[in-house]
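Peer 1: Handing you a structure now.
Derivation of every value follows stated rules applied to the coordinates shown; laboratory data play no part. Treat the numbers as computed from the prediction; the structure is a model and nothing was measured. Note that each Cβ is placed from the backbone with ideal geometry, even for glycine, and that neighbours are counted across all protein chains shown.
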Amino acid sequence: MLCKFTHKKGTVRLEDLIKNVKGCAEFQKAGAIAIFVGVVRGETPKGEKVQKLEIEAYEEKADDVLSSICQDLKRKKGIVDVQIHHFLGEFNAGEDIVYVLVAGSHREDVFPVLREAVDRYKKEAPIFKKEYVVTKDGKEKAYWVAEAET
């Protein structure tokens with residue numbers, strides 16, 4: 001598994017992560033890989049147009065938290081590997097910002113763990129998002145997004 005979990009935009013490709021999962025020592029036990037790709041939404045829940053999203057992190061702590069989540073979830077029955085890779089930088093609507101991969105014995109094993117991995121990284125990792133939007137009345141504004149708002 002890769003040691004780094006936060007990455008600068010454009011430095012990791014999903015295809016490479018899939019190869020990495022398939023290369024793990026326990027992969028012969030796997031019958032499924034589930035993947036979550038988080039992307040930048042083009043519109044906020046309030047109907048504002050998103051111009052861009054800026055993502056920052058307390059990188060050392062974020063890497064520790066993401067690693068801990070992965071290690072914890074890998075201990076679940078039927079799970080072979082769990083990886084969470086979050087990007088940092090500026091992103092436009094539609095661009096990928098996070099990849100979560102879970103390999104396991106059966107699809108019934110991987111889907112609940114995939115959901116838990118996503119829910120946990122959103123709550124636990126010190127990763128911060130700033131949205132730059134155009135309001136319905138045409139005003140430009142920027143604000144830090146709390147997960148409860150998304």
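Peer 1: Taking the Cα centre of the chain as origin and charging only Cβ (+1 Lys, Arg; -1 Asp, Glu), how large is the dipole, in debye to the nearest 20?
Peer 2: 240
Peer 1: Follow-up. Counting only C-alpha contacts under 8 Å and six or more residues apart, can you give the relative contact order of the chain as a whole percent?
Peer 2: Relative contact order comes out at 32 percent.
Peer 1: Let me ask something else about it. Give me the distance between the Cα centres of the range 116-149 and the range 36-94, rounded to whole Å.
Peer 2: Value for the Cα centre distance between the two parts: 12 Å.
Peer 1: Would you please name the chymotrypsin sites (Phe, Trp or Tyr not before Pro) within the range 1-90 that are DSSP coil residues with at most 14 other C-beta atoms within 10 Å of their C-beta?
Peer 2: Counting only loop positions with at most 14 other Cβ atoms within 10 Å, the chymotrypsin sites (Phe, Trp or Tyr not before Pro) in the range 1-90 are Y58.
Peer 1: Another question, if that's okay. Rounded to the nearest 500, what is the chain's calculated 222 nm mean residue ellipticity when only DSSP H runs of at least 4 contribute -39500 (n - 2.57) each, over all residues?
Peer 2: -9500 deg cm²/dmol
Peer 1: Here's another thing I want to ask about it. If you build the Cα gyration tensor of the chain and take the root of 5 times each eigenvalue, what three semi-axes come out, in whole angstrom, biggest first?
Peer 2: Rounded to whole Å, the semi-axes are 31, 15, 14.
Peer 1: With point charges of +1 on the Cβ of Lys and Arg and -1 on the Cβ of Asp and Glu, referenced to the Cα centre of the chain, which listed residue (Y99, Q51, V133) lies farthest in the positive direction of the dipole?
Peer 2: The residue sitting farthest along the positive end of the dipole is Y99.
Peer 1: Let me ask something else. Ignoring trypsin sites (Lys or Arg not before Pro) that are buried or in helix or strand per DSSP, and keeping those with at most 11 other beta carbon atoms within 10 Å, what is the longest stretch of the chain between them?
Peer 2: Answer from the scan: 78-135.
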